[in-house]
Amino acid sequence: MKHLNLRLLFSVFVLLPALFTASASEKGYYCYSPEDVAAIRKSAGSKWGGKILERIIIGIDERRSHDLAVPTVEGGHIHHYFCDKDGQRLTFDWDKPHAHLCSACKTVYTGVDRYDWAWIYMVHRKNYEYLHACAFAYMATGKAKYAEYIRDMLLDYASKYPAYKEHNAARQLTDQHSGKAFAQSLDEATWITYVAPAYTVVKNTLKPDEVRRIEDGLLRPCAVLLLHRPAGANWQMWHNSGLAALGVALEDDSIIDKVLNDPERGYHALMKKHLNPDGWINEASPNYHYFPLQALIRTADVLRCRGVNLYDDDMRRMFSAPVKGVYPDLSFPAHSDGWYGASIVSELPIHELAYARMHDGVVKQVLEHAYAQVERTACEALLTCEDIVQARGPMLQPSWCYPESGFLCLRSGSITSVLKFGGQGIGHGHPDKLSITVHDGTKELVSDFGTCAYGLKLYLDWYRNSLPHNMVTVDYKNQHAKALGRLVSFEATPDGGTAEAECTDAYTGVDMRRRLALHGNTLYDTFECTSDSAHVYEYVLLFNERPQFEAGQGEAVVLGESKVHAHINNVKKYAGIGKELAIDTKSARISLTFDNPDGAELLAGEAPGIPALKLAEDGTGARTCYPVIVRWHGQKDMKVTAKWTISSNNGK
C-alpha cells in the first residue's frame, strides 16, 4: 500500500494536467474539478480511502469478468423483475438472460418476456455503476486503462442506442413516458445522470472521431428524448438531472438554461412547487424524498462548473430536516408508496457528496452513525478528504413534528411511535390518515408496510388500501383518496410527548380523532369515531409478531367483505370480547379498552406483511403479519384506548 500511496501522490502533480485544463474558479464544462481530482487522490492515498479504492477496483474487475457487450435489445421495467408468487426480487445472473431464479420459492422462470427484458434493464444499470466506478478509479489513479474502459463501453452504446425503439413499460411503441435503453424516460434519465459525467472525465483523452461518435450516437439522442418527455415531480427532477449532465457533456448552455429556468418544469419551479417548508419533498414517503433528492444533488453538482450554486439553504434543509424523522437505527416508516426498509444507510453516496460540498454538521453526524452499522464504500466519500469516526450507540432524538408533510414522531429513549395524519403524496399516497407505527428501538412492532413492486397483484389488491394500516376503517371501504387530517396539538416532553390529530373527510359523515401520549416505555393511544348514522367500524392493528390473547375458542371464518379482506387468511372470529382485551407479543403487551363493547367481535388471522425488499435478491418473499381487527356493526360511535407497555432498554 505504501508504494501505491507514493504513486498516487506523484500523480497529483504529474497527471492532473492531463485530466483538466480549467480550475474550479473558472467556468468550464466538467463534472469534477481539478480540486475534486486532487481531493480524490489525497483520500485514495489514505488508509481509509485506500480501502474504498480497493473495493472500487475489485468491483470493476468483477464486472469485466462478464460479457461487456452492450445489449442490442431494449430494456424493460424493474418492477416486472419480481416473482408473482411471493413478491421476491428475482436473482440476476450474468450467464442466464432467459432463466430467472426466485430465491424464495426456488422457481426458475423461463420463456417470460417481461423477465428477460427486466434482465436487460439490470445490465444497463450495472453498466452505469461500472462507468461511475471507472471514472473514480481513473481520477484516483490516473491509469489510462480505466479511461479506455469508459471509452469502449460508450462507443458500444453509441453504436446501438440509435436503433433502440422508444417504448414504455407495457412494451408499446409510444413517446409517452417512454425510454429507449429502458422502458421509462425516468430510468433513462437516472442512467444518463451517471453515464454523462463519466464521459466528461475522459473526454480529453478521446480522439475527435470518438467524441463525435459518442455525442452523436448516444448523448444528443438521449438529450432529445428527455427534452420531449414533459413530466412532473420526481420524474421531472430526474429528467432535469440527466439533462444537466448532458448539457455539461455536450457543452450546451441552452439545455442547462431549460433545466434551471423552465417556468413549469425547471429546477427552481419544481423546488417551489414540491419542497415543503419542513424540509420534505411532498410525495409523502421517505423513499420519495430521497429518490428525487439523488437527482437534485446530482443536478447541483454538475452545474457548479457553470457558476451555478444550488448548494443553498434548500439543499441543506432537504438533508438535515428528515434526520429528525428516523428511528434510532436510521430507518424510516415506509409510508405510502415507499419501499419498506427505507433508510439513510441506503442513501450514503449522496450524503457523502452533500458533506463534501456543504460540510454540514448534521450530515456528518448521520455518516458517523451510519458507519457504525456498515462499511464506508461509496465512491463519493473520496471527495471529502476526511476519515469518519463511528458513533457509539444509537441516534436518540427528541419528539418531532412535520406539520406540512403530515406526520410526527413521539420518542422516549429508543422507543418511537409515528402518527401519520396528512401528506397526499401526489400519485404515490395511500388512504392511511391517522395510521400509526410503533418501533421499540430495534424493530417495528406494527408497521406501515409501504409498497411491494408495482407490477405485482398485491400492490393494488392489498398494500395500497386502508385496511393494511394501523387505523380504523369504515364500512369495509378505503378512505377518500383526497382525505387529509389536521394536527390538533403536539407537545414534546423529555420522556416522550403527546399529540392529537383529526380527520373529517376520510369517510362521509364520520369524524375521526386519534390521541397519543408516550411516557417512558408506555404508549397510550386513543382512537375515536363519531357519526350521525350507523356504520361498520374496524379497528386494525397489524402485528409483526404473532399475538397471544384470551378470547375463548373462536370460529374459523372466511373474509369476503372486500377484495382486501380476502387477503387475510386462517381467520378466527371471537364474539363477546368484553370491555377489555389484553394482547401479548414477544416485545409488548397491548391492553385494549372499549367504551362500548356491545356487539363487538374480534377477528385474528394472517396476511401479507413486510414486502420483499426492493434490492434484495436473496430472501423469503413477503413476511407474514398478524392482523387483529375489532369490528362493530351498526354503531354511530366507537372509541378504543390502547395501552402499550413496550419491552425495551429504552436507550439507557
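Brief remarks on what is shown
- Of the residues PHE594, LEU613, TRP632, the one whose Cα sits farthest towards the positive end of the charge dipole of the range 539-652 is LEU613 (charges of +1 on Lys and Arg Cβ, -1 on Asp and Glu Cβ, taken about the Cα centre).
- Straight-line reach from LYS42: taking Cα to Cα under 16 Å and skipping same-chain neighbours fewer than 8 places apart, the lysines in range are LYS2, LYS51, LYS143.
- Within the range 376-426, all pairs of alpha-carbon atoms sorted by distance into 10 Å bins from zero give the percentages 20, 27, 22, 31, 1.
- Members of LYS457/LYS614; LYS482/LYS614; LYS573/LYS636; LYS579/LYS639; LYS160/LYS180; LYS145/LYS207 lying beyond 19 Å, as alpha-carbon distances in this model show: LYS482/LYS614; LYS573/LYS636
- Separation of the range 374-433 and the range 110-130, taken as the distance between their Cα centroids, equals 32 angstrom.
- Judged by the gyration tensor of its Cα atoms, with axes a ≥ b ≥ c, the range 95-182 is oblate; a/c meets the 1.5 cut and b/c is at least as large as a/b.
- Based on the Kirkwood approach, the hydrodynamic radius assigned to the range 364-466 is 16.5 Å, with every pair of different Cα atoms included.
- Structure-derived log10 I(q)/I(0) by the Debye sum over Cα atoms at q = 0.06, 0.09, 0.11 Å⁻¹: which label, when the choices are (i) -0.51, -0.89, -1.12; (ii) -0.36, -0.79, -1.12; (iii) -0.41, -0.85, -1.13: (ii)
- Here the range 150-193 is treated with +1 on each Lys and Arg Cβ and -1 on each Asp and Glu Cβ, and its dipole about the Cα centre works out to around 100 debye.
- Placing a pseudo-label 7 Å from each Cα along the Cα-to-Cβ vector at HIS268 and PHE549 gives an inter-label distance of 5.7 nm.
- Over the chain, relative contact order from alpha-carbon pairs under 8 Å, at least 6 apart, %: 12
- Maximal additional length on extending the ASP475-THR493 stretch stands at 2.8 nm, based on 0.36 nm per residue less the C-alpha distance.
- Farthest positive-ward along the chain dipole, Cα basis, beta-carbon charges - from ILE58, VAL540, TYR371: ILE58
- Fraction of the pair-distance distribution of the range 229-311 above 20 Å, Cα-Cα pairs, percent: 26
- Inter-centroid distance (Cα atoms) of the range 171-229 relative to the range 506-536, Å: 52
- When both the range 262-324 and the range 601-632 are represented by their alpha-carbon centers, they are found 34 Å apart.
- Normalised per residue, the accessible area of the range 401-542 is 31 Å², obtained with a 1.4 Å probe and no contribution from ligands, DNA or RNA.
- Per-peptide average of other Cβ atoms within 10 Å, ordering 547-560, 414-427 highest first: 414-427, 547-560
- Here's the list of lysines a cross-link from LYS586 could span, going by alpha-carbon distance under 17 Å and ignoring same-chain residues fewer than 8 apart: LYS443, LYS643.
- Probe 1.4 Å, protein heavy atoms only - accessible area per residue of the range 208-361 in square angstrom: 31
- According to the calculation over all Cα-Cα pairs in the range 496-640, the P(r) per 5 Å bin from zero is 2, 8, 15, 19, 19, 18, 11, 5, 2, 1, 0 %.
- Computed as a quarter of the hull surface, the mean projected area of the alpha carbon convex hull for the range 147-257 stands at 6.5 nm².
- Note on GLN373/SER647: beta-carbon distance plugged into 1/(1 + (r/R0)^6) with R0 of 35 Å gives a FRET efficiency of 0.95.
- Ranked packing of 592-600, 248-256, most packed first, by mean Cβ within 10 Å: 248-256, 592-600
- Simple Cβ-charge dipole of the range 60-171, Lys/Arg +1 and Asp/Glu -1, about Cα centre, in debye nearest 20: 120
- Candidate aspartates and glutamates for bridging to LYS364, where Cα separation is under 13 Å - those fewer than 8 sequence places away on the same chain excluded: GLU352, GLU386, ASP387
- Charge dipole of the range 140-228 about the Cα centre (unit charges at C-beta), most positive-ward option of SER185, GLN172, LEU219: LEU219
- Placing +1 on the Cβ of every Lys and Arg and -1 on the Cβ of every Asp and Glu, with no other charges, gives the chain a dipole of roughly 1060 debye about its Cα centre.
- Label-point separation, ASN309 to ALA616 (7 Å along Cα→Cβ), nm: 4.4
- Linear extension gain, ILE58 paired with ALA391, 0.36 nm per residue minus alpha-carbon span: 117.1 nm
- With every protein chain in place, the chain: carbon and sulfur % of accessible area (1.4 Å): 51
- Alpha-carbon Debye profile of the range 516-555, log10 I(q)/I(0) at 0.14, 0.21, 0.27, 0.29 Å⁻¹: -0.63, -1.04, -1.07, -1.09
The values are calculated or read from the model by the stated rules, or taken from the named source; none is laboratory data. These numbers were taken from a predicted model, which means no experiment stands behind them. We place every Cβ from the backbone using ideal geometry, glycine too, and count neighbours over all the protein chains shown. Heavy atoms of the whole protein, side chains included, go into the accessibility calculation; ligands, DNA and RNA do not. Shrake-Rupley method; radii C 1.70, N 1.55, O 1.52, S 1.80 Å.
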